[in-house]
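The values are calculated or read from the model by the stated rules, or taken from the named source; none is laboratory data. What you see is a predicted model; the values in this text were computed from it and never measured. Glycine also receives a Cβ, built like all others from the backbone with ideal geometry; neighbour counts cover every protein chain displayed.
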Amino acid sequence: MELMPAGKELVNDAADNVCFACSRTNPLGLRMRFYDDGKVVRSTLTLDERYGGSHANVISGIVFTAMEEALYYTAYARLGEHGRIATEGPTLLAFQHDVKVGKPFVVECEVVGDHGDVMDLRARVVQAGGDCAKMAWSYRRMTREEIERELARPDLEQSIREDHAEALARR
């Protein structure tokens, strides 16, 4: 049973959302749900052996994906620009302990630096009270020109296209 963290749920239930990490309909995905308490964005997961590697550990790429998704959701929540953010800085990643399959773990993310349109975020994975992995990334609001280039892409998902069009109309 997944524990639900405190806070407001950040929902992405667009019909065209097939994301491996957060889609509620992707049968192979993690189906992450994110909750924002105003300071920290969290998701709690318990993954079975389908996501495991040797020694009953969750595959490190899956742990990376969970932290990356927490970073994106936090950037959207703090920059207020769902679908209109870009990565700004390098990813810093450190694994300290293995994450075990079959046991709940929490992915959490918070802002560690705010520079106006650019925010520095840090995510971590905690299991059984100890840190397992950490990741840092910077995000910024996309410029008008970047949004216009994105809108020109024929393969852009419809929900993101609508978000971009709304952003341009407000600018």
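When residue 24 is tested against (1) out of contact with any Gly (no Cβ under 7 Å at 6 or more places or on another chain); (2) touching a residue at least 12 places away in the same chain (Cβ under 8 Å); (3) among the charged types (D, E, K, R); (4) exposed (fewer than 15 other Cβ atoms within 10 Å of the Cβ), just one condition goes unmet, and that condition is (2).
Could you tell me which of the residues 35, 51 is more than 23 Å from residue 121 (Cα to Cα), modelled with pLDDT of 85 or more and buried (at least 17 other Cβ atoms within 10 Å of the Cβ)? Give the steps one after another, and end with the answer.
On the way: 35 fails: more than 23 Å from residue 121 (Cα to Cα).
Criteria check complete, one pass: 51.
A single entry from 144, 153, 124 fulfils the requirement of being under 30 Å from residue 99 (Cβ atoms) and among the basic types (Lys, Arg): 124.
Based on this model, can you work out whether residue 17 counts as assigned to a loop (DSSP other than H, G, I, E, B), polar (S, T, N, Q) and in contact (Cβ under 8 Å) with a residue 24 or more places away in the chain? When the stated conditions are applied, residue 17 passes them.
Among the strands (runs of 3 or more DSSP E) lying completely within the range 80-155, list those that include at least 2 residues that are among the small types (Gly, Ala, Ser) and at pLDDT 85 or above. I'd like the intermediate steps shown before the answer.
Numbers: elements: 85-87, 92-95, 105-114, 118-127, 130-141.
Of the strands (runs of 3 or more DSSP E) lying wholly inside the range 80-155, those with at least 2 residues that are among the small types (Gly, Ala, Ser) and at pLDDT 85 or above span 130-141.
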